[in-house]
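The values are calculated or read from the model by the stated rules, or taken from the named source; none is laboratory data. Small disclaimer: the values here were computed from a predicted structure and weren't measured. Virtual Cβ from ideal backbone geometry, glycine too; neighbours counted across all protein chains shown.
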Amino acid sequence: MEKNKIKRIHFVGVKGVGMSPLAIIAKEAGMDVSGSDVDQVFITDEELIKAGIIPQVGFDPARVEGVDLVITTSAHGGRENPEVKKAIEKGIEVLSQGEALGKFADGQIFGKKFAQICIAGSHGKTTTTAMIATMLSQSRLDPSFAIGTGVIPSLGASGHFGRGKYFVSEADEYFADPLNNKTPKFLFFNPKIAVVTNIDFDHPDIYPTIEDLNKAFIEFTKKITADGVLVVCGDGELNRNFLKRVSVRRVTFGFSPSNDYVLERVTTNPDKTFFWVKSHGALVGEFSLKIFGEQNALNALSAVVVGFELGLSTEQIKKGLSAFSGTKRRSELVGQMENGALLYDDYAHHPTEIKETLSSFRKAFPKHKIITVFQPHMYSRTKILFNDFASSFGDTDLAIIPEIFPSFREEPDPNFSSSLLAQEIKKHSKEAIYFPTLPDVVKYLASQKFDKNTIVLTMGAGDVYQISKELVSNG
């Protein structure tokens, strides 16, 4: 691919949270950008329109006429999508989202090679990436970044083509294309700094065992440049087992005193989180965030380490973290119902994430009644982690479970329903209700006599977030 010949780029599935930041980056880099997608509401709609990228509805092969590069995902048919098939037929280069992101950072498309800061891990990638990008932006380093969400208050859009030398991006372990390219996306990167927030058993559809997942992450660490470093959480058995097999220079962080950077005295309320950081017994400083949750303090600690590795001062790091105010779908306050109940939304879709998120809400709102609407995502994940899901709702007062949101990656299972999960949750002495559809959930919530001491939290990787906005507008 000759970068100087790339003028027009077409994105198939441009509304996706992985694709939208790429499209915005390409637009800011001076490319002529077009994109297509389905006629549904996405959390990226606002930022795409603001960037002047208007998604075309549906998929028409004629749209690739005159295009120099097509970028696609495994969604919407992947390489079988009519636009992608036409591009291949015409000899137009087609890249997966993961390949394209790696080439963007390596300078193979825009001609500018960056020092890559890549954030991997089973949980916390989006928040941590946004924290680090905010920290560098506040330090006037104008980083490029690609973050898998919608609008980020402290940054604006989820993608940016900066003038600085750093490219901050999420590094996803999922396959580039499960049908055609089983390369984990993060192997397309060459990070100077690689962050691994944690390792947990997820994506059972492509990683049947934790050992399969471990091998992928070990390969990722081998992509770190010779002068680079691995910043990794040193807490927990899975993380420690992973560390034993890593040969690159590493800096560890976490709650355990054995880490290089240690988190202490975490205090949280609905508006802020405060925490202390020590390194080898010496106090580094006290830091604050405008978001709540112990897990966010841990994410921020990894950003602190990255800041020091880049030569930032303690004050620069403090300023950057204090400017961060969260991202879309991560403990996001959506609004308030007419009866006073607060509506929050979160992307948690794994048992560990559910437990940590609900624990954070319970600590931040100790006297509130917490109603959780959890929409399971993917039949394979729900079935394999069934017992873990069932025991994850200890910090909620009521779990409302709508039907499973099926992924495009798998066929629905007519013999399995999330009604089974609701029944199993009840065995753990928690109240749970099953509803077959989201409109049923909306109708139920709207009929309840909640008050200002109630939290309604929607949770999941599907489209459950849309009901919060409906309840705010209709409540």
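Please find, within region 333-357, the residue that is surrounded by the fewest Cβ atoms within 10 Å (Cβ to Cβ) out of those that are in a strand (DSSP E or B) and of a type in the set (Asp, Glu).
Here is the first cut: in region 333-357, the residues in a strand (DSSP E or B) are 333-336, 342-346.
Those left that are additionally of a type in the set (Asp, Glu): 345-346.
Working: 345: 26, 346: 24.
Per the criteria, the residue is 346.
Working only within region 66-99, note down all residues that are farther than 17 Å from residue 15 by Cα and either of a type in the set (A, V, I, L, M, F, W, C) or free of Cβ contacts under 8 Å to residues at least 24 places away in the same chain (or both).
67, 69, 80, 82, 87, 88, 89, 91, 92, 94
If you check residue 315 against the conditions, is it assigned by TED's automatic domain parsing to the domain that holds residue 463, outside any strand (DSSP E or B) and not small (Gly, Ala, Ser)? Spell out the reasoning first.
Details: assigned by TED's automatic domain parsing to the domain that holds residue 463: no; outside any strand (DSSP E or B): yes; not small (Gly, Ala, Ser): yes.
Against the criterion (assigned by TED's automatic domain parsing to the domain that holds residue 463, outside any strand (DSSP E or B) and not small (Gly, Ala, Ser)), residue 315 does not qualify.
Per-residue answers, yes or no, for (1) of a type in the set (D, E, K, R); (2) assigned by TED's automatic domain parsing to the domain that holds residue 52; (3) under 21 Å from the mean Cα position of the chain (by Cα); (4) not in a helix (DSSP H, G or I):
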{"residue": "103", "(1), (2), (3), (4)": "yes, no, yes, no"}
{"residue": "109", "(1), (2), (3), (4)": "no, no, no, yes"}
{"residue": "118", "(1), (2), (3), (4)": "no, no, yes, yes"}
{"residue": "126", "(1), (2), (3), (4)": "no, no, yes, no"}
{"residue": "137", "(1), (2), (3), (4)": "no, no, yes, no"}
{"residue": "142", "(1), (2), (3), (4)": "yes, no, no, yes"}
{"residue": "150", "(1), (2), (3), (4)": "no, no, yes, yes"}
{"residue": "164", "(1), (2), (3), (4)": "no, no, no, yes"}
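So which of 370, 354, 317 is in contact with a Gly (Cβ under 7 Å, 6 or more places away or on another chain), among the β-branched types (Val, Ile, Thr) and within 30 Å of residue 155 (Cβ to Cβ)?
Numbers: 370 fails: in contact with a Gly (Cβ under 7 Å, 6 or more places away or on another chain); 354 fails: in contact with a Gly (Cβ under 7 Å, 6 or more places away or on another chain).
Exactly one of 370, 354, 317 is in contact with a Gly (Cβ under 7 Å, 6 or more places away or on another chain), among the β-branched types (Val, Ile, Thr) and within 30 Å of residue 155 (Cβ to Cβ), namely 317.
Only residues that are assigned to a loop (DSSP other than H, G, I, E, B) and not basic (Lys, Arg): list them for region 287-312, please.
At the first step, the residues of region 287-312 found to be assigned to a loop (DSSP other than H, G, I, E, B) are 290-293, 310-312.
Matches in region 287-312: 291, 292, 293, 310, 311, 312.
Looking only at region 307-323, how many residues end up being crowded, with 24+ Cβ neighbours inside 10 Å and out of contact with any strand residue (DSSP E or B) (no Cβ under 6 Å at 6 or more places or on another chain)?
Here the count works out to 2.
Just a yes or no: is a residue in region 61-72 crowded, with 18+ Cβ neighbours inside 10 Å, part of a loop (DSSP other than H, G, I, E, B), of a type in the set (S, T, N, Q) and not assigned by TED's automatic domain parsing to the domain that holds residue 174?
no
Residue by residue, here is whether (1) over 14 Å from residue 107 (Cα atoms); (2) of a type in the set (Phe, Trp, Tyr) holds:
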residue	(1), (2)
162	no, no
165	no, no
171	yes, no
174	yes, yes
179	yes, no
188	no, yes
195	yes, no
199	yes, no
202	yes, no
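Scan region 87-121 for residues that are surrounded by fewer than 24 Cβ atoms within 10 Å (Cβ to Cβ), touching a Phe, Trp or Tyr at 6+ places or on another chain (Cβ under 9 Å) and among the aliphatic types (A, V, I, L, M) and jot them down.
115 - this is the single residue of region 87-121 that is surrounded by fewer than 24 Cβ atoms within 10 Å (Cβ to Cβ), touching a Phe, Trp or Tyr at 6+ places or on another chain (Cβ under 9 Å) and among the aliphatic types (A, V, I, L, M).
Of the conditions (1) more than 28 Å from residue 197 (Cα to Cα); (2) touching a residue at least 60 places away in the same chain (Cβ under 8 Å); (3) surrounded by fewer than 18 Cβ atoms within 10 Å (Cβ to Cβ), residue 402 satisfies every one except a single condition; which number is it?
Result: residue 402 passes all but (3).
Just to be sure, is residue 187 closer than 26 Å to residue 304 by Cα and surrounded by fewer than 21 Cβ atoms within 10 Å (Cβ to Cβ)? Outline the logic, then answer.
On the way: closer than 26 Å to residue 304 by Cα: yes; surrounded by fewer than 21 Cβ atoms within 10 Å (Cβ to Cβ): yes.
For residue 187, the condition - closer than 26 Å to residue 304 by Cα and surrounded by fewer than 21 Cβ atoms within 10 Å (Cβ to Cβ) - is met.
Quick check, is residue 322 without any contact (Cβ under 8 Å) to a residue 40 or more places away in the chain, among the hydroxyl-bearing types (Ser, Thr, Tyr) and over 22 Å from residue 433 (Cβ atoms)? Give the steps one after another, and end with the answer.
Numbers: without any contact (Cβ under 8 Å) to a residue 40 or more places away in the chain: yes; among the hydroxyl-bearing types (Ser, Thr, Tyr): yes; over 22 Å from residue 433 (Cβ atoms): yes.
Yes; evaluated as a whole, the condition is true for this residue.
For the structure I just gave you, tell me whether residue 75 is modelled with pLDDT of 95 or more, of a type in the set (A, V, I, L, M, F, W, C) and either within 19 Å of residue 224 (Cα to Cα) or part of a loop (DSSP other than H, G, I, E, B) (or both).
Numbers: modelled with pLDDT of 95 or more: no; of a type in the set (A, V, I, L, M, F, W, C): yes; either within 19 Å of residue 224 (Cα to Cα) or part of a loop (DSSP other than H, G, I, E, B) (or both): yes.
Judged against the criteria, residue 75 is not a match.
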